[in-house]
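Here's the structure we're looking at; comments come further down.
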Amino acid sequence: MTAAAAPLSPQLAEAIDRIIDQQRAIIALSIGTQLRRVQGNATNQETQKLTDQIVALLWSGVDRAHAGNALVQIYREQFSVAQLSEIAAFYATPSGQAVLTKAPTIQAEFSVVMMSQLQANNARAVSLMNQFAQAHRPPAPAK
């Protein structure tokens with residue numbers, strides 16, 4: 001059972017806003033991690049500057065209202081009205097506030113762990129995707 005059109009509590013609206021902010025932080029960490037692997041003789045400051053530039057570029061195409069509405073819809077599809085109320089009540093507690101505050105750091109740190117493990121096979125994965133694309137490329141139109 002999904003929640004149809006239950007209004008969002010202020011606590012849940014704040015949580016959704018923080019989730020959007022967390023996504024930006026995770027993207028920034030991921031890009032920074034990738035750049036540090038290839039920074040060569042660039043300074044950490046130069047690498048951070050490029051990371052910030054790329055994140056700003058990517059994020060400039062994000063419509064927060066649209067993203068927030070999409071996230072609300074996803075929550076409504078995944079949780080019942082009662083569950084959403086319980087989630088909102090939890091976020092209003094000190095423990096819920098701690099989760100909201102600490103979740104970006106936890107996700108970012110875990111992302112670094114995962115990225116370092118995934119990077120080991122990234123080149124091979126890209127090669128496989130390129131081979132797939134090449135094998136399934138539509139024929140060129142006849143002249």
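Read-outs: derived from the displayed coordinates by stated rules, not from any lab. None of these values were measured; they are calculated from a predicted model. FYI the Cβ positions are ideal-geometry reconstructions off the backbone, even for glycines, and counts take in every protein chain you see.
Residues considered: 115, 129. Of these, the only one that is surrounded by 13 or more Cβ atoms within 10 Å (Cβ to Cβ) and closer than 19 Å to residue 34 by Cβ is 115. Exactly one residue out of 82, 123 is out of contact with any helix residue (DSSP H, G or I) (no Cβ under 9 Å at 6 or more places or on another chain) and loosely packed, with under 10 Cβ neighbours inside 10 Å: that is 123.
Yes/no matrix, rows are residues, columns are (1) free of Cβ contacts under 8 Å to residues at least 40 places away in the same chain; (2) farther than 28 Å from residue 29 by Cβ:
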| residue | (1), (2) |
| --- | --- |
| 64 | no, no |
| 70 | yes, no |
| 90 | yes, no |
| 103 | no, no |
| 131 | yes, yes |
| 140 | yes, yes |
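Looking only at residues in the range 71-97 that are of a type outside the set (S, T, N, Q) and farther than 17 Å from residue 10 by Cα, which one is nearest to the chain's Cα centre (by Cα)? Looking at the filtered set, the residue picked out is 74. Looking only at the range 115-131, which residues are within 26 Å of the chain's Cα centre (by Cα) and not small (Gly, Ala, Ser)? Correct list: 115, 117, 118, 119, 121, 122, 124, 126, 128, 129, 130.
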